[in-house]
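Chemist: Quick one: this structure, given as structure tokens, is what I'll be asking you about.
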Amino acid sequence: MIRLDAPIWEKLSSAGNNVDRWLRELLEGKGDLRESIEVVAEDLSHQLSWYSATSYALPHLAALCPRLSKEDRVYLIAQMGAAIAAEAVEPLEPDTEAYREFQEGLEGLRRETVPLLTDPEVHNQLCGDAELGTMFALGALAVVGDRKHAYDLWYLSGSTWEEGPAACECGWDDETISLTEPPEFLEPVEIGPWDKQSLADEAVWLYGLLSLIGDEMIAPILPLVYGTGTCPECGERESFWVWMDRFVGEC
């Protein structure tokens, strides 16, 4: 963990370029806790972009988590999900200080997030706030699951999860594939029930959690995005995640 008064902070990027000040106020308990969390999270995730300050902020946020109530830990994970997921599109180079800081923070947040995902009290909390529940599910996916999948789902929020992009290696692409009235070339996968405890199968726990909290936007499309597509031009079958990642990577 790099101290907040270290010179490196002057070189790190964030949307407002003052995330270290807000982070310090958050850690010192100044001002409204959730408002400070929101400011830090927005400063590190504006327009779903990656900011170098994220790596250095995560260990501090992970160290803060044990001091927070269960409800506020849920809130922090929900708010920070997009910032963490953004690393998937600009992966850090291993054996760098930024990479080590990111991994240290991610591991600390993972230790806090896993128990929350299977906690009946948290489930009850999220059932009473669908928006928070959706954001927490995506945040947990970024921390515990596949960060690219989390980023892709945040990306789909631009169309309120009604449309998705796809691109095949042959050159075919489509930016507006309907996920609410899917074409025949998309084959959904069957997602089994979640026991509210196991996190072994990402699709199962994510779909189970979203269904549990009453989400009506993301849960219905998960069988499609975890499913398979057949290119209407060349006939190649690929995971829809692969199609999405290829399209986003070419943007």
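The values are calculated or read from the model by the stated rules, or taken from the named source; none is laboratory data. The shown structure was predicted, so the numbers you read here are calculated from the model rather than taken from an experiment. Neighbour counts run over all protein chains shown; Cβ positions are idealised from the backbone, glycine included. Just the protein is used for accessible areas: all its heavy atoms, side chains included, with ligands, DNA and RNA removed. Shrake-Rupley method; radii C 1.70, N 1.55, O 1.52, S 1.80 Å.
Conditions (1) closer than 13 Å to A83 by Cα; (2) open to solvent by less than 80 Å² (accessible area, probe 1.4 Å), marked per residue:
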{"site": "L4", "(1), (2)": "no, yes"}
{"site": "N18", "(1), (2)": "no, yes"}
{"site": "W22", "(1), (2)": "no, yes"}
{"site": "E28", "(1), (2)": "no, no"}
{"site": "G31", "(1), (2)": "no, yes"}
{"site": "Q47", "(1), (2)": "yes, no"}
{"site": "A53", "(1), (2)": "yes, yes"}
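Chemist: Which one of G235, G214 is touching a residue at least 40 places away in the same chain (Cβ under 8 Å), on the phi > 0 side of the Ramachandran plot and surrounded by fewer than 19 Cβ atoms within 10 Å (Cβ to Cβ)?
Modeler: Criteria check complete, one pass: G214.
Chemist: Looking at this structure, is G192 touching an Asp or Glu at 6+ places or on another chain (Cβ under 6 Å) and either of a type outside the set (A, V, I, L, M) or open to solvent by 10 Å² or more (accessible area, probe 1.4 Å) (or both)?
Modeler: Numbers: touching an Asp or Glu at 6+ places or on another chain (Cβ under 6 Å): no; either of a type outside the set (A, V, I, L, M) or open to solvent by 10 Å² or more (accessible area, probe 1.4 Å) (or both): yes.
Criteria not met by G192.
Chemist: Next question. Name the single residue, out of those in the stretch 172-181 being open to solvent by 60 Å² or more (accessible area, probe 1.4 Å) and not β-branched (V, I, T), that is farthest from E233 (Cα to Cα).
Modeler: At the first step, the residues of the stretch 172-181 found to be open to solvent by 60 Å² or more (accessible area, probe 1.4 Å) are 173, 175-176, 180-181.
From what's left, not β-branched (V, I, T): 173, 175, 181.
Numbers: D173: 9, E175: 15, E181: 20 Å.
Selected residue: E181.
Chemist: Go through (1) in contact with a helix residue (DSSP H, G or I) (Cβ under 7 Å, 6 or more places away or on another chain); (2) surrounded by fewer than 18 Cβ atoms within 10 Å (Cβ to Cβ); (3) part of a helix (DSSP H, G or I) for P220 and report which single condition fails.
Modeler: Unmet condition: (1).
Chemist: Can you find a residue in the stretch 225-234 that is within 30 Å of F102 (Cα to Cα), part of a strand (DSSP E or B) and out of contact with any His (no Cβ under 6 Å at 6 or more places or on another chain)?
Modeler: Residues of the stretch 225-234 within 30 Å of F102 (Cα to Cα): 225-226.
Keeping just the survivors that are part of a strand (DSSP E or B) gives none.
Within the stretch 225-234, none of the residues are within 30 Å of F102 (Cα to Cα), part of a strand (DSSP E or B) and out of contact with any His (no Cβ under 6 Å at 6 or more places or on another chain).
Chemist: Which pairs do you get when a residue that is of a type in the set (S, T, N, Q), found in the stretch 7-21, comes within reach of a residue that is open to solvent by less than 100 Å² (accessible area, probe 1.4 Å), reach meaning Cβ atoms under 7 angstrom, with the pair 6+ apart or on two chains?
Modeler: S13/Y51; S13/S52; S13/A53; S14/D43; S14/L44; S14/Y51; S14/A53
Chemist: Out of D72, D43, D95, I need the residue that is open to solvent by 10 Å² or more (accessible area, probe 1.4 Å), within 18 Å of I8 (Cα to Cα) and part of a helix (DSSP H, G or I). Which one? Quick ask: steps written out before the conclusion?
Modeler: Details: D72 fails: within 18 Å of I8 (Cα to Cα); D95 fails: part of a helix (DSSP H, G or I).
None of the other options fit; the residue is D43.
To keep it simple, each residue is scored yes or no on (1) aliphatic (A, V, I, L, M); (2) touching a residue at least 12 places away in the same chain (Cβ under 8 Å); (3) loosely packed, with under 15 Cβ neighbours inside 10 Å; (4) not in a loop (DSSP other than H, G, I, E, B).
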| position | (1), (2), (3), (4) |
| --- | --- |
| L109 | yes, yes, no, yes |
| V122 | yes, yes, no, yes |
| L126 | yes, yes, no, yes |
| M135 | yes, yes, no, yes |
| L141 | yes, yes, no, yes |
| Y155 | no, yes, no, yes |
| G164 | no, yes, no, yes |
| C170 | no, yes, yes, no |
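Chemist: Here's something else I'd like to know. Out of all the residues in the stretch 204-214, is one or more in a loop (DSSP other than H, G, I, E, B) and either among the acidic types (D, E) or modelled with pLDDT of 95 or more (or both)?
Modeler: If we filter the stretch 204-214 for residues that are in a loop (DSSP other than H, G, I, E, B), which is where we start, we get 213-214.
With either among the acidic types (D, E) or modelled with pLDDT of 95 or more (or both) added as a condition, the list becomes none.
Checking the stretch 204-214: not a single residue is in a loop (DSSP other than H, G, I, E, B) and either among the acidic types (D, E) or modelled with pLDDT of 95 or more (or both).
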